[in-house]
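Please read the structure below before turning to the comments.
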Amino acid sequence: MKCRVCRGPAVIDIRRHNANFCVDHFLRLCRDQVTKAIAEFSMLERGDRVLVAVSGGKDSLALWDLLRELGYEADGLYIGLGIGGYSDRSGEAVKAFAQERGWPLQVIDLRDEFDYDVPTAAKVTKRVPCSACGLSKRHLFDKAALDGGYDAVATGHNLDDEAAVLFGNTLRWQTEYLARQMPVLPARHGFPRKVKPLVSLGEREMAAYCVLRGIDYIVEECPMAAGNKHLGYKEALNEIEARSPGSKHAFYFGFLARAAERFRDAAPDGPEESGLGLCTRCGAPSTNELCAFCHLVERSAGAEPVVLTTKGAR
Ligand code: Q46
Ligand code: ZN
Ligand code: ZN
């Protein structure tokens with residue numbers, strides 16, 4: 001196996017590109033793909049301050065590393081979700097990563113700061129854990145970015161993630177979600193810009209990137225994800241990709257180039273158009289007196305904590 005660029009010994013094959021790469025040229029490929037995505041979708045500008053949402057997994061740590069390599073002032077934000085040992089281990093991985101490099105990391109622990117955690121909120125609200133989790137993360141990332149004067153929040157969603165979400169939204173023609181499925185969401189009143197610089201890199205490439213850069217990430221997946229639809233869509237797409245390399249990329253980027261625009265009108269109104277007020281407790285845009293996050297805290301704080309077994313919530 002030889003590197004397509006220098007003919008030296010290759011360490012990875014990327015079937016989508018029908019090519020093999022040595023360590024240096026693979027790392028360069030990752031940086032080039034991120035640079036290209038940032039420019040193509042106008043995600044960031046030189047000198048932007050970026051808040052990276054880090055979970056301890058390969059994608060978010062690789063993203064933080066890549067943005068720093070590319071010269072952005074990128075700081076990390078980790079949210080302790082209280083998902084048993086998984087959260088303990090992911091928190092440790094993120095803190096060790098940041099400490100070794102001396103990069104600024106902000107940590108918000110739901111239990112310490114708001115007196116609830118994701119499994120308890122899921123039980124109280126009788127919704128799937130990912131719903132309370134997603135709501136909490138979005139709110140806290142937005143708030144931290146605005147309070148800290150950051151230009152954008154960056155998340156580690158990769159090509160596999162985005163193709164799987166698109167697949168699910170298309171299967172059920174969820175047009176309001178399709179309208180928002182862009183690699184960049186511009187800042188709106190009360191919300192910072194959101195960017196996904198890894199959209200053209202796959203899961204396997206991100207794992208290889210971490211190994212080659214010496215990034216110690218946690219391989220373990222969140223136990224609450226087991227059985228969610230997203231994983232099923234990923235598996236289905238992996239089967240298609242194995243038979244026809246490049247399908248995921250064609251599906252996702254074809255959507256962006258040729259279809260996304262058609263769904264623009266299905267996007268729910270922004271706060272300006274819908275005349276949103278402000279949450280009386282935290283000041284976030286909201287149609288009600290309390291925003292969805294403060295409402296969640298109101299319901300979950302102080303509830304008897306759910307104890308996790310290795311299989312999940314009891
Ligand atoms: S952390 Fe949270 Fe994910 Fe776990 S509970 Fe669901 S949303 S699966 S990215
Ligand atoms: Zn090479
Ligand atoms: Zn609020």
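The values are calculated or read from the model by the stated rules, or taken from the named source; none is laboratory data. Quantities reported herein were computed from a predicted structural model and do not represent experimental measurements. Cβ placement follows ideal geometry from the backbone for every residue including glycine, while neighbour counts extend to all protein chains displayed. SASA here: full protein model, heavy atoms, side chains in, ligands and nucleic acids out. Shrake-Rupley method; radii C 1.70, N 1.55, O 1.52, S 1.80 Å.
Residues are listed down the side, and each one gets a yes or a no for (1) of a type in the set (A, V, I, L, M); (2) at pLDDT 95 or above:
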{"site": "Ala98", "(1), (2)": "yes, yes"}
{"site": "Gly102", "(1), (2)": "no, yes"}
{"site": "Tyr116", "(1), (2)": "no, yes"}
{"site": "Arg127", "(1), (2)": "no, no"}
* To do: Would you check if there is a residue in segment 154-174 being assigned to a helix (DSSP H, G or I), more than 16 Å from ligand 1 (Cβ to nearest atom) and charged (D, E, K, R)?
  => no
* Go over the candidates Ala154, Ala163, Ala132 one by one and state the one that is closer than 23 Å to Glu73 by Cβ and either free of Cβ contacts under 8 Å to residues at least 12 places away in the same chain or buried (at least 16 other Cβ atoms within 10 Å of the Cβ) (or both). => Ala154
* Asked: If you go through segment 109-129 one residue at a time, do you hit one that is assigned to a loop (DSSP other than H, G, I, E, B) and either within 17 Å of Lys58 (Cβ to Cβ) or within 16 Å of ligand 3 (Cβ to nearest atom) (or both)?
  -> yes
* Kindly indicate whether any position in segment 40-47 is within 22 Å of Leu201 (Cβ to Cβ) and part of a helix (DSSP H, G or I). => yes
* Asked: Do we have Ala236 as among the hydrophobic types (A, V, I, L, M, F, W, C), touching a Lys or Arg at 6+ places or on another chain (Cβ under 7 Å) and either in a helix (DSSP H, G or I) or at pLDDT 90 or above (or both) here?
  -> no
* **Residue count for segment 9-40, restricted to those that are over 27 Å from the mean Cα position of the chain (by Cα) and loosely packed, with under 14 Cβ neighbours inside 10 Å** => 2
* Failed condition for Asp265, given (1) touching a residue at least 40 places away in the same chain (Cβ under 8 Å); (2) open to solvent by less than 60 Å² (accessible area, probe 1.4 Å), with all others met? -> (2)
* Of all residues in segment 302-314 being at pLDDT 90 or above and open to solvent by 40 Å² or more (accessible area, probe 1.4 Å), which is farthest from Cys222 (Cα to Cα)? -> Glu304
* **Residue ID - farthest from ligand 3 (Cβ to nearest atom), chosen from residues in segment 239-248 that are surrounded by fewer than 18 Cβ atoms within 10 Å (Cβ to Cβ) and touching a residue at least 24 places away in the same chain (Cβ under 8 Å)** => Pro245
* Asked: Checking Thr120 against (1) crowded, with 23+ Cβ neighbours inside 10 Å; (2) of a type in the set (S, T, N, Q); (3) free of Cβ contacts under 8 Å to residues at least 24 places away in the same chain, which single condition isn't satisfied?
  -> (3)
* Asked: Filtering segment 286-301 down to residues that are closer than 17 Å to Asp109 by Cα and surrounded by 14 or more Cβ atoms within 10 Å (Cβ to Cβ), which residue is nearest to ligand 3 (Cβ to nearest atom)?
  -> Cys294
* Asked: Does at least one position in segment 57-69 carry a residue that is small (Gly, Ala, Ser), outside any helix (DSSP H, G or I) and within 16 Å of ligand 1 (Cβ to nearest atom)?
  -> yes
* To do: Give Ala98, Ala62, Ala74, Ala53 a once-over and let me know the one that is of a type outside the set (Ser, Thr, Tyr), out of contact with any strand residue (DSSP E or B) (no Cβ under 9 Å at 6 or more places or on another chain) and either surrounded by 14 or more Cβ atoms within 10 Å (Cβ to Cβ) or free of Cβ contacts under 8 Å to residues at least 40 places away in the same chain (or both).
  => Ala62
* Asked: How many of the residues in segment 188-219 are open to solvent by 60 Å² or more (accessible area, probe 1.4 Å) and at pLDDT 95 or above?
  -> 6
* Select, from Ala164, Ala225, Ala154, Ala132, the only residue that is of a type in the set (Gly, Ala, Ser), more than 16 Å from ligand 3 (Cβ to nearest atom) and within 26 Å of Leu278 (Cα to Cα). => Ala154
* To do: Mind listing just one residue for me: the one in segment 239-292 that is more than 29 Å from Phe167 (Cα to Cα) and β-branched (Val, Ile, Thr) and, of those, modelled with the lowest pLDDT?
  => Thr287
